[in-house]
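Engineer: First the structure, which I've put down as structure tokens, then a few questions once you've had a look.
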Amino acid sequence: MNRRNFIKMTGLTSLASVMPASLNLHAAPVDFAGKYLVTLQLLGAWDVSSICDPKMNVPGEDQINHWARDGETQTAGNIQYAQFANNAAFFDKYHQDMLVINGIDAQTNSHNAGVTHNFSGRISAGFPSLTSLYAAIHGANLPIAYINNGGYTETAGVIRNTRLEHAGEIKNIVKPTSSRWNPNNKWIPDEDWALINQYRDKSMIEKINSTNLSVRERRAVSNYKSALDSASILTDFSTALDAAGDLHEDESGTEYWSSLKRQMQLAMISMKSGVTISADLHLGGFDTHQNHDVLQGELLAHATDAIDFFWEYAEEVGLADRMVLVVNSDFSRTPYYNSTAGKDHWPVGSAIVMERNAPWGNRVVGATDEGQNVIPIDPVTLQPQANGGSIIYPKHVMQSLRDYMGISDHAIVSPFVFNNEESFDFFSSTKSTPQSGDPRNSVRI
């Protein structure tokens, strides 16, 4: 038995012996060998007509996209994309590993409701994120099983989330008695620290056994005890951080600031170290009510460049074949410009799912018309069906991802079931929704 597994087992044993049965954590596998799940939350509402659901301009109607004055809808494999930002490099490189889901109706123009709906599958608050459910099932006893860098953070109590912005805090946890700048300089002598831990453990057991705690208080105490018991596992993570060297610096554009690439590095280093199962990455600034083309152009270019960095770094650390990346937003932008050269809120958007060598790659499901309105489809055949077809909602995307990640039938998920009347076969390798060529490519307005 290696050192990490020994620490896990002994820490869990000490906690389970004093914790009421109803609060026992769901034990994770000793060595996780499954897929890692990452979501990229592009918040503020990205313009999908300028990336993965391209729209040309309609004669006699307001212009949908200025790029379509001279540019045309492009295709990489079976996936159409807009001739905008650095989309060509992105789709040419990754279309084989990509599933695009178009025509997702978020049923709202509110940012808060849109974020909640797209990242939990339910428009009202209370359901946990897909990433938190996945981490709770496969890594409940890990110290930072679920990393959230912003955006949708709801866990519904199934697991705690960790904000991991800088590496220095981890070093403080691993060696709390030593100076960060000089590890040989001890703030607290070892014998004093041992007495502090002894008193803390005794106090913690008394709290857990107390009959005066509310459910929320008892959960908080149990989470704290679990974190303390597994903190020593972070030693490997701290060592890996030292070996990684300098992490990526922040980047900025006209009106955005981004730590996205560093978020990606920290998430993958922690996964490689065995302390993390899932992570939410965050990039804001997409609420482009003014100066839309410049801002969306910068943000989409940065997002696709960061996604390329994500896969290159995953390859570097040896995790590329185990990564599932889900890219989504609140909703989308209007299929026309407002009076300040911006675009406002539009409920119909898209999502992109990526995985290396996935059999379901190079496909598009769902569709919208020339005005970016939903085209209903048959949920089984995925073919357009104007009469009797179904609309794709975030709950269908979340249910399909739960199924694909193998967590739908787990006990942790049972309180958070969707009321879906239909099931979309998004991850079929043989079915897709036709994306016909746009005849307006030859029409300039």
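The values are calculated or read from the model by the stated rules, or taken from the named source; none is laboratory data. The shown structure was predicted, so the numbers you read here are calculated from the model rather than taken from an experiment. Note: ideal-geometry Cβ built from the backbone for every residue, glycine included; neighbour counts use all protein chains shown.
Engineer: Is it the case that Thr239 is surrounded by fewer than 17 Cβ atoms within 10 Å (Cβ to Cβ), over 29 Å from Ile64 (Cα atoms) and out of contact with any His (no Cβ under 9 Å at 6 or more places or on another chain)? Don't jump to the end; show me each part of the working.
Structural biologist: Details: surrounded by fewer than 17 Cβ atoms within 10 Å (Cβ to Cβ): yes; over 29 Å from Ile64 (Cα atoms): yes; out of contact with any His (no Cβ under 9 Å at 6 or more places or on another chain): yes.
Considered against the rule, which asks whether it is surrounded by fewer than 17 Cβ atoms within 10 Å (Cβ to Cβ), over 29 Å from Ile64 (Cα atoms) and out of contact with any His (no Cβ under 9 Å at 6 or more places or on another chain), Thr239 comes out as yes.
Engineer: Can you pull out every residue in region 47-93 that is closer than 19 Å to Thr334 by Cα, part of a helix (DSSP H, G or I) and touching a Phe, Trp or Tyr at 6+ places or on another chain (Cβ under 6 Å)?
Structural biologist: Ser50, Trp67
Engineer: If only one of Gly349, Gly297, Gly318, Gly284 is surrounded by fewer than 19 Cβ atoms within 10 Å (Cβ to Cβ), closer than 19 Å to Ile51 by Cα, modelled with pLDDT of 95 or more and not hydroxyl-bearing (Ser, Thr, Tyr), which one is it? I'd like the intermediate steps shown before the answer.
Structural biologist: Values: Gly349 fails: surrounded by fewer than 19 Cβ atoms within 10 Å (Cβ to Cβ); Gly297 fails: surrounded by fewer than 19 Cβ atoms within 10 Å (Cβ to Cβ); Gly318 fails: closer than 19 Å to Ile51 by Cα.
Testing whether each residue is surrounded by fewer than 19 Cβ atoms within 10 Å (Cβ to Cβ), closer than 19 Å to Ile51 by Cα, modelled with pLDDT of 95 or more and not hydroxyl-bearing (Ser, Thr, Tyr) leaves just Gly284.
Engineer: Within region 103-139, which residues are polar (S, T, N, Q) and closer than 20 Å to Asp403 by Cβ? Steps first, please.
Structural biologist: We begin by selecting, within region 103-139, every residue polar (S, T, N, Q); these are 107-110, 112, 116, 118, 120, 124, 129, 131-132.
Selection gives Asn118, Ser120, Ser129, Thr131, Ser132.
Engineer: Looking at (1) without any contact (Cβ under 8 Å) to a residue 60 or more places away in the chain; (2) exposed (fewer than 15 other Cβ atoms within 10 Å of the Cβ), find the lone condition where Ala411 falls short.
Structural biologist: Ala411 satisfies every listed condition except (1).
Engineer: Give me the pairs, please: first residue somewhere in region 236-247 and touching a residue at least 60 places away in the same chain (Cβ under 8 Å), second residue anywhere and part of a helix (DSSP H, G or I) and of a type in the set (Gly, Ala, Ser), beta-carbon distance under 7 Å, and either six or more positions apart or on two chains.
Structural biologist: Every condition considered, the pairs that remain are Phe237/Ser270.
Engineer: Filter region 371-408 for residues that are assigned to a strand (DSSP E or B) and of a type in the set (A, V, I, L, M, F, W, C); which is surrounded by the most Cβ atoms within 10 Å (Cβ to Cβ)? Please lay out each step first, then the result.
Structural biologist: Residues of region 371-408 that are assigned to a strand (DSSP E or B), as a first pass: 374, 377, 384, 390, 392.
Filter once more, keeping what is of a type in the set (A, V, I, L, M, F, W, C): 374, 377, 392.
Working: Val374: 20, Ile377: 24, Ile392: 29.
The qualifying residue surrounded by the most Cβ atoms within 10 Å (Cβ to Cβ) is Ile392.
Engineer: Among the listed residues Asp305, Asp293, Asp321, which satisfies the condition of being part of a helix (DSSP H, G or I), among the charged types (D, E, K, R) and without any contact (Cβ under 8 Å) to a residue 60 or more places away in the chain? Outline the logic, then answer.
Structural biologist: Numbers: Asp305 fails: without any contact (Cβ under 8 Å) to a residue 60 or more places away in the chain; Asp293 fails: without any contact (Cβ under 8 Å) to a residue 60 or more places away in the chain.
Just one listed residue meets the conditions, Asp321.
Engineer: Restricting attention to region 150-166, report how many residues are surrounded by fewer than 24 Cβ atoms within 10 Å (Cβ to Cβ) and either in contact with a Phe, Trp or Tyr (Cβ under 6 Å, 6 or more places away or on another chain) or under 28 Å from His248 (Cα atoms) (or both). Break it down into steps so the answer makes sense when it comes.
Structural biologist: First pass over region 150-166, keeping only residues surrounded by fewer than 24 Cβ atoms within 10 Å (Cβ to Cβ): 150-151, 153-158, 160-166.
From the residues that got through so far, the ones that are either in contact with a Phe, Trp or Tyr (Cβ under 6 Å, 6 or more places away or on another chain) or under 28 Å from His248 (Cα atoms) (or both) too are 150-151, 153-154, 160-166.
Qualifying residue count for the region: 11.
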